[in-house]
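Chemist: Could you have a look at this structure, given as C-alpha cells, before my questions?
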Amino acid sequence: MPFADAVLTAYFVVLLLLSVYGSHRYVLVYRLSRYAARSAASAERLRVRGAPLLESDPPRVLIQLPVFNERYVVERLIRAVAALDYPRSRLAVQVLDDSTDDTGRIADRVVEECAAAGLDIRRLHRTDRRGFKAGALQVGLDVSDAPFVAIFDADFVPEPDFLRRTLPYLVADGRTGLVQARWDHLNRDYSLLTDVQAILLDGHFVAEHGGRHVSGCFFNFNGTAGIWRRAAIEDAGGWEGDTLTEDLDLSYRAQLRGWKFVFVPEIAAPAELPVSMNAFKAQQRRWAQGSLQTARKLLPQILASPLPLRVRAEAFFHLTSNLAYPLMAVLSLLMTPVLFARVSTGLREMALLDIPIFAAATLSVVSFYAFSQSRLLRLQAPDERQSLWRRARNIPAALAVGIGISFSNASAVLSGVLGRRTPFVRTPKYGIAGTADRWRQKSYRMPAGAIPALEFALGLVMAGATFYAVVEGVAASAPFLLLFAAGYLYVGGRSLLEARRAAPPPVAE
C-alpha cells in the first residue's frame, strides 16, 4: 500500500537521523574516558602554577549578578557572594537589576548592609531591558575595568572558596579566557521533576563539557558559575543580545579568536532547579531556540574556519543537537500510524527491525546518563556518596520527560532556525531548598499555553496504541510506545494541572 510504504519510510528515516545524534553521545563518552586523566593532570599543573601568583598578588575581580524579578532568591544570592573568601580591597560586586517588582527594594536593603560591612557593592537598575541579560552584563562591564569577571545567576549560591579555586587557572595562563564550574543542585530530591533535571544537567556538564574539554573541542560558558578574563570578552566583541543564549554565542566567538576555556568538574556551584513543569519547559525552550540562533549566526564561520575537522564536527553536533526535538515530535506522530500499517499489511515482524535502530537512538542516551552519574560519584567525598542505583534510578524518567517536551522544544527550535526574535523569558525561582517548601501560591506563574493539551492527548493516543500493540501481537513495539505515552502524559498532564491552580498573589510593581 502506498500510504503504508510512505509512513514506514518516513519512520525509519527519522529513526536513523535520531540514531546519529544518539550515537554521537558514545563519541563524547569515549573521549572523556580516553583523555580525562591526561587533561586532569594538565589542569592540575596549571592550578599549581597559578596558586602562588594568586596569593602573592590577588587580581581585582568584578562579580556580576544579573537579576530580573527575583524576590524570593535575590537576598540569598547577594549574601552568598558577600561571604566569598577573597580580599575585599580586590573585589567589586554589581547587582544588575532589571526588575519591575519589589526585588529592587529587597536588593537595596541587602546591598546597603553589605556595603556598610566593607564590601564594594552597588545595584545598577535599568528600565528598558535592552539586550536582556546580555545588555545588563555589558552595561555593568562598561563601568568597571576589573580584569576578571565572575557571573552568578539569581538561583545560585556559590561556595566561599569559589574565586580562590577558579582564579589560579586564569592567572597562570594569559590565553585562558574562561573557567567554568559544574552546576550542583540545592533541591535535587524535591520531586521527580527536579531529580530528572539533575540527571540531564549532570550529563551535560560531566559528559558533554568533559568530553569536549578533554579532547580540545569547543564548549560553552553556561551563563553562570564561571569566571571570565575581561580581555577575552572584549576581544570577542563583547556581550550581544541577538540570541537567547548570549553565553553560548560569546563562548564560540571567544574560542574562534583563540581563547582557551577550562572546565573544572571538581568545582561545583549549587543552584536551585525549577520546581514547576511550565517553568522548566520555558527554560528548555529558551535554550533550544537560542542554540539554533547561535548556529545560524556562527556555524558557517566555524565550518569555513581552518580549525581541525574534529573541532568543527563537534561544534556542528553541539550547536544543532536540539534538532533532535523536531525529529522526536515527527516520530511521535508517526508511531501510531506505523503500528496500524504493520498490522493491516501483515508486516508485524518488521517491528523487530526497530530494536537496533531505536537502541542507537535511546539506549545510547540511557548509557550516557548512567556513565555521567558514575563519574560524578567519583568527584564526591566518600561520606557524601550515594549508590549508583539511587542516583541513576530515574534515568528512564529523564528519557520520558525528554520525549514529553519534544513538541514544546520543537516549536522553539523552528523559531531559531527561521531566525525569529522572541523576548527573553527568564525561569522563575522560588527559593526552594527543602522538600517541605511550597511554591504554588507564590508569584511568577508561568503560563501553560496550548501545547500541553496536545501533549496530553498524544499521551492518551499512545497509551491506547500500546494496548493495541500487545493485543495484535506486535509486542516489540509496546515498550517504546509506553515510554512515549508516559512522557507525554506526565509532561502534558502536569502542565495542565499547574495552570488550573489558584492564581498567585499579584506582583507589586
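The values are calculated or read from the model by the stated rules, or taken from the named source; none is laboratory data. Since the structure is predicted, the reported quantities are computational estimates derived from the model, not experimental observations. Glycine gets a Cβ as well: all are built from the backbone with ideal geometry, and neighbour counts include every protein chain shown. For accessibility, only protein heavy atoms count, side chains too; no ligands or nucleic acids. Shrake-Rupley method; radii C 1.70, N 1.55, O 1.52, S 1.80 Å.
Chemist: Give the distance, in whole Å, between the Cα centre of region 143-204 and the Cα centre of region 97-136.
Modeler: Cα centres, region 143-204 to region 97-136: 21 Å.
Chemist: What list of ³J(HN,Hα) couplings, whole Hz, do you get for region 458-472 from phi and the Karplus terms 6.51, -1.76, 1.60, once you set θ to phi - 60° and write x for glycine and proline?
Modeler: Listing the rounded values in order: 5, x, 5, 4, 6, 5, x, 5, 4, 4, 4, 4, 5, 5, 8 Hz.
Chemist: From the phi angles alone, apply the Karplus equation (6.51, -1.76, 1.60; θ = phi - 60°) to region 133-141 and give each ³J(HN,Hα) in whole Hz, x where the residue is Gly or Pro.
Modeler: With the stated coefficients, region 133-141 comes to 4, 4, x, 5, 4, 5, 4, x, 5 Hz.
Chemist: Can you work out the accessible area per residue across the chain, with the rest of the protein chains kept in place, probe 1.4 Å, in square angstrom? Could you put the intermediate results ahead of the total?
Modeler: Details: 20390 Å² over 509 residues.
Accessible area per residue: 40 Å².
Chemist: Sort 320-327, 195-202, 483-490 by the packing proxy (mean of other Cβ within 10 Å over each peptide's residues), most packed first. Working shown, then result.
Modeler: Working: 320-327: 20.8, 195-202: 22.2, 483-490: 23.8.
Top of the packing list down: 483-490, 195-202, 320-327.
Chemist: Moving to a separate point now. Report ³J(HN,Hα) in whole Hz for each residue of region 149-161, in order, from the Karplus equation J = 6.51 cos²θ - 1.76 cosθ + 1.60 where θ = phi - 60°; Gly and Pro get x.
Modeler: Ordered by residue, 3J(HN,Hα) equals 9, 9, 10, 9, 6, 5, 8, 9, 9, x, 6, x, 8 Hz.
Chemist: Something else now. Specify the angular offset, from 0 to 90 degrees and rounded to the nearest 10, of the alpha carbon long axis of helix 395-404 from the longest principal axis of the alpha carbons in the chain.
Modeler: 80
Chemist: For the chain, give the percent of accessible area contributed by carbon and sulfur heavy atoms, probe 1.4 Å, rounded to a whole number. Please report the intermediate quantities before stating the final value.
Modeler: Details: 12370 of 20390 Å².
Carbon-and-sulfur percentage of accessible area, whole number: 61.
Chemist: So what is the 222 nm mean residue ellipticity for the chain from helices alone, if each DSSP H run of at least 4 adds -39500 (n - 2.57) and you divide by all residues, rounding to the nearest 500 deg cm²/dmol?
Modeler: Result for the chain, helices only: -18500 deg cm²/dmol.
Chemist: What figure, in Å² to the nearest 10, do you get for the accessible area of Ile106 with a 1.4 Å probe and non-protein molecules left out?
Modeler: Per-residue accessible area (Ile106): approximately 40 Å².
Chemist: Then there's this: Order Lys297, Lys133, Lys281, most accessible first, counting only protein heavy atoms with a 1.4 angstrom probe. Let's see the in-between values first.
Modeler: Numbers: Lys297 65, Lys133 30, Lys281 5 Å².
From most accessible down to least: Lys297, Lys133, Lys281.
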